[in-house]
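*Asks:* If you scroll down you'll find the structure; I have some questions about it.
Read-outs throughout are calculated quantities, based only on the coordinates presented, and are distinct from any laboratory measurement. Because the structure is a prediction, the values reported are computed rather than measured. Cβ atoms come from the backbone with ideal geometry, glycine included; neighbour counts cover every protein chain shown.
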Amino acid sequence: MISSEKARNFVEGLPLEKPPQVTRSVKAARGTRAAETEQPEVTFRNDGQALAVGSQIAEFAENVPVKIRPAISNSILLAQLAANKAVKDNAGTSAAWRESYRNVLLNTGWLFEGSSMGMEEIKQDGLEVHKAIIPVLAAVLGPAVAAAAIVTTVLKGLQSMNEDAPWITLFNRESRRAKVSQFQIGYVQAPNAAAPKMSTIFFELEVTKNVTQVLFFKFSGAKGSLFYSNTDLSLNSSLAGDLGDAVRKKVAAYASTFIQEIQI
């Protein structure tokens, strides 16, 4: 297992893109807190909760302690930011992005539990992406968990939501990479007060048309396929606790822009 010192050096040495510019009005609204102490502009609760973290919908089951949720959200964001930078610098593929993402998590307190993958050829004309991924959630998480998950409720009710909602705008923007649309859905649970476990499903949409709003995209006269792979991880709470401040400081300048709560 990686030591706390080695993991901290890994986090501090990760190259990231420059943080987004924050307007003067936004700064004024936040007050005068130093950037390195800012937390995501999200209220973490002790019930079931779903967030958009960049290109990932992350759900916390009710049994995940509220005190660990910010650290998990920060680690997800760090993995994305590092993968974005690595792939851009090396002209990498979507597979390279997934590998970089997983590598960051495995070096910041997460332990590998297992993985799987699959491919769905989209043959139903008019099928929307958000409806195509619901069966995948059921297959990976199990029918009972998927049926009760907030993310399933969100996907089923997407048509009634405002397409310009902040979390949808964020998700669509961060899902566009090169010639594919790539996004993730993560489900975190901690049954019986055990260490948190996270199932992350990586989706990759390949179609013959340009995609601007991935979840709303409809297969109408467009040939396409939906690739997915799942990675199961468990959290080493001790190591994650040791790294909490280092990860938080690394993503502080990005968090309020890249983490949004999903309201249902």
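*Asks:* For the pair residue 165 and residue 193, what calculated FRET efficiency results from E = 1/(1 + (r/R0)^6), where r is the Cβ-Cβ distance and R0 = 30 Å, to the nearest 0.05?
*Replies:* On the way: r = 34 Å, r/R0 = 1.13.
Efficiency, rounded to the nearest 0.05: 0.30.
*Asks:* Nothing charged except the Cβ atoms of Lys and Arg (+1) and of Asp and Glu (-1): what's the magnitude of the dipole of region 47-261 about its Cα centre? Round to the nearest 20 debye.
*Replies:* Working: 20 positive and 19 negative charges, 92 e Å.
It works out to roughly 440 debye.
*Asks:* Using alpha carbons only, what's the Rg to Rh ratio of region 47-261 with Rh from Kirkwood? Before the final figure, lay out each step's value.
*Replies:* Working: Rg = 16.5 Å, Rh = 17.5 Å.
When Rh is taken as the Kirkwood radius, the ratio is 0.94.
*Asks:* Just need the relative contact order of region 47-261 here, percent rounded to a whole number, with Cα pairs under 8 Å and 6+ apart. Display every interim value, and only then the final one.
*Replies:* Numbers: 352 pairs, mean separation 74.3, N = 215.
About 35 percent, as a whole number.
*Asks:* Looking at this model, which pairs from 131/197; 156/249; 6/197 are more than 28 angstrom apart at the alpha-carbon?
*Replies:* In this structure, 156/249 lie more than 28 Å apart at Cα.
*Asks:* Between residue 119 and residue 16, what is the spin-label point distance in nm, taking each point 7 Å from the Cα along the Cα→C-beta axis?
*Replies:* With each label point 7 Å from Cα toward Cβ, the separation is 3.5 nm.
*Asks:* Follow-up question, since we're still on this one. For residue 139 and residue 263, calculate 0.36 nm times their separation in residues minus their Cα-Cα distance, and state this gained length in nm to one decimal. Working shown, then result.
*Replies:* Values: separation 124, 0.36 × 124 = 44.64 nm, distance 2.52 nm.
The span from residue 139 to residue 263 would gain 42.1 nm if fully extended.
*Asks:* Between residue 232 and residue 9, what is the FRET efficiency for a Förster distance of 35 Å, r being their Cβ-Cβ separation, to the nearest 0.05?
*Replies:* Details: r = 27 Å, r/R0 = 0.77.
With a Förster radius of 35 Å, E is 0.85.
*Asks:* Quote the FRET efficiency, to the nearest 0.05, computed for residue 85 versus residue 106 with a Förster distance R0 of 25 Å and r equal to the Cβ-Cβ distance. Mind dumping the intermediate values first?
*Replies:* Working: r = 17 Å, r/R0 = 0.70.
The pair residue 85/residue 106 has a calculated efficiency of 0.90.
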